[in-house]
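Colleague: My questions will all concern the structure given below.
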Amino acid sequence: MMSAGRLEEQARGQHGNRIVVVQLLVRMGYRMVDDFLVMEKISKQYAGVKALDAVDFSIAAGEIHCLAGTNGSGKSTLIKIISGVEQPDAGGAVSIEGARKSGYSAIDSIGYGIEVIYQDLSLFHNLTVAENIALSSMISSRRKFFAPGEYTRIAADAMNLIGIDLPLDANVGRLSVSEQQLVAICRALTGELKLLIMDEPTTALTKKEVDRLLGVVLDLKGRGISTLFVSHKLQEVMQVADRVTILRDGQKIGCHPAAELDSRKIEYMMTGTNFEYSGRAPAVSDAEPLLEVVALSKKGNFKDITFSVLPGEIVGITGMLGSGRTELALALFGMNMPDSGKASMRGVPLDLRSARSSIRRGIAYVPENRLTQGLVMPQSVEKNALVTVIERLRSKSGFLDHRRAAALVKELVRRLRIKVPSVSSPVATLSGGNQQKVVLAKWIATKPELLILDGPTVGIDIAAKGAIHEFIKELAAEGLGVLLISDEVSEVANLCHRVLVMSRGRITAEFPAESTPESEILKSIELTA
Amino acid sequence: MEIALRKLARYTETYLVIIIAFLSILIAAKNPSFLTLENMFDLLKSYSFFGVMSIGVLMVLISGGIDISFAAVATVAEYLVALFMMRIGGNIFSAFAVAALVGSVLGYINGLLVNRFRIPPIIATIATMNAYYGLLIFATGGKWIYDLPIWFSDFAEIQLFTIHTANDSTYGLSIITMIWFAVMVAGILILRFTMLGRSIYAIGGDRKSALRVGLNVRRAEEFVYSFMGLLAGIAGVIQALLVQTVAPNSIVGKELNIIAAVVLGGASLTGGKGSVFGAFLGLVLLAIVKNGMTLMAIPPVWYEFFVGCVILLSVGITSYKGKLEKRRTATILVKA
């Protein structure tokens, strides 16, 4: 496309009249601007911390753009500035459709055609699909009353636009996450949408659902609507993206055409290093199995699960979200009672009705969501680490034996290499990686025989990831059985002895990890999903 | 047909209708005078006081809040209206207008506390309940008022249509009941056909999202508490019409039963759910349990116990249904 300058030149050449040129430009200006949004030298400081440091950023009309970066890289701050929730510090400039904007509000940004779909989707679960979709346009029309059929019509129009079909009178709370996402997109479409920003849209979706979402986004592109994906997991969206902008520590590392990048390059730019897997844990010799699971089934969760874990063995379970892996882990820990089948530890059947008995039999479970299930954030590292063993640390008088407790915490902090100014600092002040180590410490303190880890390295930095891997191998070398559930195929492929692939509640494949290339595992997941 | 039935099975109202029908048949079998028009009109009249307030409670609950102070607001309004009528006079319209004004102001104070100061509604309204009621007792010394104007007691006798019975007594549908019905119609109109009504549901569903999509949360929250106050004021006048005396201690203590009736009717204490029809049915259920027990000559000491059981049972069934539903969606997610 031609620049405004050249256009002006050309126009003047033709007409030789400045007024005509200006009129022409004004008239044509809307169509001629390449970029929907241009941001220059955007900085933002929060209490002395630079969240964004002179970042340049632009999105063309109809472009699919990805914004990549780890937690704390400044992604969300940039989104907040684009959507008018936050104002940039002085010195930066924002233009939308060629017009300079200074200090606009969130309501203004909606007027400019910018809509944000947050990770929680901001939907109303108690209202119907139609009501949810129509709500925004009802608000902006500033009317006080409406006819009952009106929102059904608005909603149906929006759904037709992207060719989807959801029950209009169903409560949104009854839909799946991916359907809810489509509702959120339809709601954005009821206005004059020009830029759709989606925050971590694919984390909770299965592969099929991601494909449907990408189809919708491509359709929007065809209508000249731009999309900005914000994510730290880009694999899925890379196939439709035009450009990728990478942020690290508040600075722009680069903006590249998506075709020139692969996930390894992006990871490098996001983190500044490339993650290398160090060697494997030593092979295990045949021994009496530690955990044996036979034909374990639970309706709607998993079916016919049979496998075993040897002492010292790291067994990986991978598969798409919703494949039943977390449900299986919960079942083994006694928190999701199966319908049939059995599981035993060292040959003695497990009572799967309560977590208490599983803990007593030497099973420890580290949940996927450490924030909501694993830690008491405002409490100290020491208290969190000891919560599982507090009973065992009672002295004869019945009070906590402080000397033994302190020694145990010191030992755990040392073994797990937890970086913490003092064991009495609140867990909330630690980095994600160190928090995850505290969760691990808490369960290691129980001296388990079998450790079930669900997504142990999700969302933590690379150094911490390496340390946690080392620690898992150390534990295995000591004879602990480890069941590692992970999304990341490279993680299970490089860390485990054996990899089980789950799909729709069944184990569909099993690989000896050492002799299987990563791509083969990946293929098996995609084939069965 | 089957689809229609399945749809009906989703609504709390359906179950309430069935339970009410079942209980009615049971009571009528023991005492035929239960299912007479006379008894029905009488019930509808005496429950108008609860009924009017239940609509206010419904809106507060849908918005995700709760109000404990409305019985105190009703008492204050009732008392002030009685004083107004004795000192200044006026007519029935001015009586209602004064009550509505007093109630709205007191309710608006609740709304301010909840919205501006973000005090949890239950604490804010327990505090104002004590403050309103305490001030009233202090200012009046707890004196009862008996000498209400003649026109006031005349109004209470107005019937929309009158039926003469064989033994020369009459009965009919009271104008007081009509006030209740008018309030219900207003409630339906507000909740279903105005942006304000949809905002109330949305805020109760997810307050943060409501703010994000640009709903006027402040106005809606201030409205529900003010409206609650307004209806409490009107209910205060209805109470005075029904008993023709004004006692500062006759209403306080009834608020929990009304909240229970509305919850019984399908409103959720966590907000976002509830309907006018449901609130009506909830109240009807409580009314016929009480009335039925009287007609079946069960000692009134059992009333509280039975009400407790009915509430536990129906709220329990609703919650359990919700739990099953949640489990079902979880299964669907796993399958997808």
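Just so you know, all these numbers are worked out from the coordinates, no wet-lab data involved. Owing to the predicted nature of the structure, the values given are computational and were not obtained by experimental measurement. Here the Cβ is made from the backbone with ideal geometry for all residues, glycine too, and neighbour counts use every protein chain on show.
Colleague: How much of the DSSP beta bridge set in chain A is antiparallel, as a percent to the nearest 5? It would help to have the intermediate numbers written out before the result.
Modeller: Values: 42 of 77 bridges.
Percent antiparallel among DSSP bridges in chain A is about 55.
Colleague: Also, quick follow-up: Cut-off 12 Å, label point 7 angstrom out along Cα-to-Cβ of B:ILE126: give me the residues of the range B:27-68 whose amide nitrogen falls inside.
Modeller: From the range B:27-68, the list is B:68.
Colleague: Give the relative contact order (percent, whole number) for chain A; include only Cα pairs under 8 Å separated by 6+ residues.
Modeller: Details: 987 pairs, mean separation 70.8, N = 529.
Computed value for chain A: 13 percent relative contact order.
Colleague: Just in the range A:363-419: which trypsin sites (Lys or Arg not before Pro) are loop by DSSP and have at most 11 other Cβ atoms within 10 Å? Don't jump to the answer; show the numbers that get you there.
Modeller: Details: sites: A:ARG370, A:LYS383, A:ARG392, A:ARG394, A:LYS396, A:ARG403, A:ARG404, A:LYS410, A:ARG414, A:ARG415, A:ARG417, A:LYS419; in loops: A:ARG392, A:LYS396, A:ARG417, A:LYS419.
Listed in order of number, the matching sites are A:LYS396.
Colleague: Give the Rg (one decimal place) followed by the Dmax (whole number) of chain B, computed from C-alpha coordinates and expressed in Å.
Modeller: 21.0, 72
Colleague: Also: Based on the Kirkwood radius over alpha-carbon pairs, what is the Stokes-Einstein translational diffusion coefficient of the range A:190-255 at 4 °C with 1.567 mPa s viscosity, in µm²/s? All intermediate terms of the calculation are to be shown ahead of the outcome.
Modeller: Details: Rh = 12.9 Å.
It diffuses with D of about 100 µm²/s by this estimate.
Colleague: Starting from 0.36 nm per residue, how many nanometres of slack lie between A:LYS41 and A:GLN379 once their C-alpha separation is accounted for?
Modeller: Numbers: separation 338, 0.36 × 338 = 121.68 nm, distance 4.00 nm.
Using 0.36 nm per residue and subtracting the Cα-Cα distance, I get 117.7 nm.
Colleague: Taking the Cα centre of chain A as the origin, how large is its charge dipole in debye, to the nearest 20, when only Lys and Arg (+1) and Asp and Glu (-1) carry charge on their Cβ atoms? Mind dumping the intermediate values first?
Modeller: Details: 62 positive and 60 negative charges, 297 e Å.
Dipole about the Cα centre, nearest 20: 1420 debye.
Colleague: Once you keep just the Cα pairs under 8 angstrom separated by 6 or more residues, what percentage relative contact order results for chain B? Please list the in-between numbers first.
Modeller: Working: 495 pairs, mean separation 108.8, N = 336.
Worked out over chain B, it gives 32 percent.
Colleague: Relative to the present Cα-Cα distance, how much length would full extension add between B:ASP147 and B:THR194 at 0.36 nm per residue of separation?
Modeller: On the way: separation 47, 0.36 × 47 = 16.92 nm, distance 4.23 nm.
Between B:ASP147 and B:THR194, full extension yields an extra 12.7 nm.
Colleague: At a Cα cut-off below 28 Å, give the lysines reachable from A:LYS194, other chains included and same-chain residues fewer than 8 away excluded.
Modeller: A:LYS41, A:LYS44, A:LYS75, A:LYS80, A:LYS101, A:LYS144, A:LYS207, A:LYS208, A:LYS221, A:LYS233, A:LYS252, B:LYS208
Colleague: Here is a further query. Projected onto the charge dipole of the range B:117-261 (+1 at Lys/Arg Cβ, -1 at Asp/Glu Cβ, origin at the Cα centre), which of B:ILE188, B:ILE122, B:VAL237 gives the Cα projection farthest towards the positive end?
Modeller: B:ILE122
Colleague: Can you pull the Rg over Rh of the range B:153-252, Cα-only, Kirkwood?
Modeller: The Rg/Rh ratio comes out at 1.17.
Colleague: Here is a further query. Work out from phi, with θ = phi - 60° and the Karplus expression 6.51 cos²θ - 1.76 cosθ + 1.60, the ³J(HN,Hα) of each residue of the range A:510-522, listed in order in whole Hz, and give x for Gly and Pro.
Modeller: Rounded to whole hertz, the list is 9, 10, x, 5, 5, 9, 10, x, 3, 4, 5, 5, 4.
Colleague: Let me ask something else. Got a sec? How would A:CYS186, A:CYS255, B:CYS309, A:CYS66 order by Cβ neighbour count within 10 Å, fewest to most?
Modeller: Values: A:CYS186 26, A:CYS255 15, B:CYS309 12, A:CYS66 23.
Fewest to most other Cβ atoms nearby, the residues stand as B:CYS309, A:CYS255, A:CYS66, A:CYS186.
Colleague: In the range A:264-370, which chymotrypsin sites (Phe, Trp or Tyr not before Pro) are in a loop and have at most 16 other Cβ atoms within 10 Å, using DSSP for the loop call?
Modeller: Of the chymotrypsin sites (Phe, Trp or Tyr not before Pro), the ones in loops of the range A:264-370 whose Cβ has at most 16 other Cβ atoms within 10 Å are A:TYR277.
Colleague: Considering only lysines 8 or more places apart in sequence, or on different chains, count the pairs in the range A:273-403 whose C-alpha atoms sit under 26 Å apart. Please list the in-between numbers first.
Modeller: On the way: A:LYS298/A:LYS342; A:LYS299/A:LYS342; A:LYS303/A:LYS342; A:LYS383/A:LYS396.
Value for the range A:273-403: 4.
Colleague: A further question on this structure: Just to confirm the filter: which chymotrypsin sites (Phe, Trp or Tyr not before Pro) across the range B:59-136 are DSSP coil and have at most 10 other Cβ within 10 angstrom of their Cβ? Don't skip to the end; give the middle numbers.
Modeller: Numbers: sites: B:PHE70, B:TYR79, B:PHE84, B:PHE93, B:PHE96, B:TYR108, B:PHE117, B:TYR132, B:TYR133; in loops: B:PHE117.
Sparse-neighbourhood loop chymotrypsin sites (Phe, Trp or Tyr not before Pro): B:PHE117.
Colleague: Just subtract the alpha-carbon distance of B:PHE138 and B:LEU37 from 0.36 nm times their residue separation and send over the number in nm, one decimal.
Modeller: Working: separation 101, 0.36 × 101 = 36.36 nm, distance 4.36 nm.
Result: 32.0 nm gained on full extension.
Colleague: Another one. Binning at 20 angstrom from zero up to the longest distance, how are the C-alpha pair distances of the protein assembly as shown distributed in percent?
Modeller: Spelled out bin by bin, the protein assembly as shown gives 12, 34, 33, 17, 3, 0 percent.
Colleague: Continuing with the same structure: Between A:ALA295 and A:LYS523, what FRET efficiency comes out of the Förster formula 1/(1 + (r/R0)^6) with R0 = 25 Å and r the beta carbon distance, rounded to 0.05? List each step's numbers first, then the result.
Modeller: On the way: r = 27 Å, r/R0 = 1.09.
Efficiency, from the Cβ-Cβ distance: 0.35.
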